[in-house]
1. Picking from 12, 77, which residue would you name as being crowded, with 16+ Cβ neighbours inside 10 Å, assigned to a loop (DSSP other than H, G, I, E, B), at pLDDT 90 or above and among the charged types (D, E, K, R)?
2. Let me confirm something: among 89, 76, which residue is without any contact (Cβ under 8 Å) to a residue 60 or more places away in the chain, farther than 14 Å from residue 8 by Cβ and over 15 Å from the mean Cα position of the chain (by Cα)?
3. Right, residue 117: at pLDDT 90 or above, not aromatic (Phe, Trp, Tyr) and not in a loop (DSSP other than H, G, I, E, B) or not?
4. Can you pull out the residues in region 87-110 that are within 22 Å of residue 4 (Cβ to Cβ) and either among the aromatic types (Phe, Trp, Tyr) or in a loop (DSSP other than H, G, I, E, B) (or both)?
5. From the set of residues in region 34-57 that are among the polar types (S, T, N, Q) and modelled with pLDDT under 75, which is surrounded by the fewest Cβ atoms within 10 Å (Cβ to Cβ)?
6. Return yes when residue 60 is modelled with pLDDT of 75 or more and assigned to a loop (DSSP other than H, G, I, E, B) and no when it is not.
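The values are calculated or read from the model by the stated rules, or taken from the named source; none is laboratory data. If you're wondering where the values come from, they're calculated on a predicted model, not measured in any experiment. When we count neighbours, we look across all protein chains shown, and the Cβ atoms used for this are built from the backbone with ideal geometry, even at glycine.
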Amino acid sequence: MKQYERIVAAIDVYSEYDHVLKRALSIANNASQLSVVFVTLPTTYFQPYISEVGGDYVAEIQKQAKTRLEDIASKNDIPSDQVHIPVGNAAEEIHTLANDINADLIVIGTHGRSGLKLLLGSTANSVLHGAKQDVLAVRV
């Protein structure tokens, strides 16, 4: 089996991420091979109002997410320079990061509902179909 050198773990700091992170860490020889990423969307929509919120609100979400992701990385001995909090389309940002750091594996969580898109989740599905790297979808 291929030994992976650089791994990207895409986690949602506001949801269940333990399984994804544990699986990525179990594949890596050590935590220094792992980069973690949480992508903040550039705008947020509140249901059922469908009003777009951006600017300061998104910056605050990104700030909170960065603090949480840095704490997760620290607890798991992942170097602080391998913590990434981009703003944009989740799948595109994950692809960009994986390409930029020459990752050979992306680990991402799935929802486990019915149907392909729901099974993987729209982000996991987009990551899977656009990645140049191997993708491991972990059921959460």
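1. Details: 77 fails: crowded, with 16+ Cβ neighbours inside 10 Å.
That would be 12, the only listed residue that is crowded, with 16+ Cβ neighbours inside 10 Å, assigned to a loop (DSSP other than H, G, I, E, B), at pLDDT 90 or above and among the charged types (D, E, K, R).
2. Values: 89 fails: over 15 Å from the mean Cα position of the chain (by Cα).
Within the list 89, 76, the selection yields 76.
3. On the way: at pLDDT 90 or above: no; not aromatic (Phe, Trp, Tyr): yes; not in a loop (DSSP other than H, G, I, E, B): yes.
For residue 117, the condition - at pLDDT 90 or above, not aromatic (Phe, Trp, Tyr) and not in a loop (DSSP other than H, G, I, E, B) - is not met.
4. 101, 102, 103, 104
5. Taking region 34-57 and keeping what is among the polar types (S, T, N, Q), we get 35, 40, 43-44, 47, 51.
After this cut, where a residue has to be modelled with pLDDT under 75 as well, the list is 43-44, 47, 51.
On the way: 43: 12, 44: 13, 47: 6, 51: 9.
If we take residues in region 34-57 being among the polar types (S, T, N, Q) and modelled with pLDDT under 75, then 47 is surrounded by the fewest Cβ atoms within 10 Å (Cβ to Cβ).
6. Numbers: modelled with pLDDT of 75 or more: yes; assigned to a loop (DSSP other than H, G, I, E, B): no.
Considered against the rule, which asks whether it is modelled with pLDDT of 75 or more and assigned to a loop (DSSP other than H, G, I, E, B), residue 60 comes out as no.
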